[in-house]
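Enquirer: The structure under discussion is supplied below as C-alpha cells; questions concerning it will follow.
The values are calculated or read from the model by the stated rules, or taken from the named source; none is laboratory data. Keep in mind that this is a model prediction, so the values were computed, not measured. Cβ: placed from backbone, ideal geometry, glycine included. Neighbour counts: every protein chain shown. Quick note on the areas: whole protein, heavy atoms, side chains included, nothing else; ligands and nucleic acids left out. Shrake-Rupley method; radii C 1.70, N 1.55, O 1.52, S 1.80 Å.
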Amino acid sequence: DLDPYVEEQYQKLRLHLLPNSKRAAVKVVMVAATDHGEGGTTTAAILASTLARSGNSKILLIDANLRTPALEQVFEPGQAYKLTGLSDRVLSEATLDQAIYDTDIANLFFMPCGRAVPSPSYVFDNAPISEMLSTLREKFDFVIFDGSPLRDYSDSAFLADKVDGVILVVEAERTKAEVVRKIRKDLESAGVNILGVVLNKKRNYIPEYLERFI
C-alpha cells in the first residue's frame, strides 16, 4: 500500500514504459542507482508491482544485484542465498522454472540473485544470459532487473548492454551531478538506451498551502 502521491508517480513512470508507437520494443528494463542507499531496489520493486497490478501483463522482477542483494527480504525474508536464482541459471544447470518464484501479487514473479559468485560481472558478460533473456521475452510481458549501483561496480554496465532500456535512480541533495553525468556519458557511449531518471527522496521546502499560489 502506497501513499496516493507516491503511487501516482509510479503510475506516471509506468506510462513511460508501456509499449506504444515510439517504444514498442521496450520489454526488458534495468533499474539501477548510482550508489548504495539511493532507492534503486525500492524503485524496481514498486515499478514491477505497479505494472503487475495494472492489467493482465505477466511481470518478472529479477534481483541482479549480486553484490548487496535486498529483494529476497521483500519477497522471501530470511532466505538470502539459499534460493536458486539468476547466477545458478546462468552459470550452472538450473532451469528457469527452478529459478522463478510466485509472489503474493497476481501476475508478478520473482527471480532471486542466486548463489554468491566471486566475480559477478561474468554473470552478465556471457552468452547464457543473452539466451535466457531471449526466452524470458517470450514468457513475460515485462522483465525488470534490479541492478547493482553503477558508480562502483561494472556488473550493471555489462547488463545494460543487453536490456532494452535503463532507468537511473538518483537521490535528491545527495547524488552529485558530475557522477550522474559521467555514468550517463559512459552508458550512452556504449549504446545503452537511457529511458529516464528517477529523482528519489525529493523534499519540498515550500508549505503545501503556499505552493498552490505559485
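Enquirer: Go through (1) part of a loop (DSSP other than H, G, I, E, B); (2) open to solvent by 20 Å² or more (accessible area, probe 1.4 Å) one by one and return the number of the condition residue 199 breaks.
Expert: It is condition (1) that residue 199 fails.
Enquirer: Working carefully through the options 68, 50, 41, find the one that is at pLDDT 85 or above and farther than 16 Å from residue 153 by Cα.
Expert: 50
Enquirer: What are the pairs, 6+ residues apart or on separate chains, where a residue within the range 76-100 that is closer than 16 Å to residue 60 by Cβ and open to solvent by 50 Å² or more (accessible area, probe 1.4 Å) has its Cβ under 7 Å from a residue that is assigned to a helix (DSSP H, G or I) and at pLDDT 90 or above?
Expert: From residues that are closer than 16 Å to residue 60 by Cβ and open to solvent by 50 Å² or more (accessible area, probe 1.4 Å), the pairs are 89/96; 89/99; 89/132.
Enquirer: Please pick out the residue among 173, 178, 138, 208 that is more than 15 Å from the chain's Cα centre (by Cα) and modelled with pLDDT of 90 or more.
Expert: Residue meeting the stated conditions: 138.
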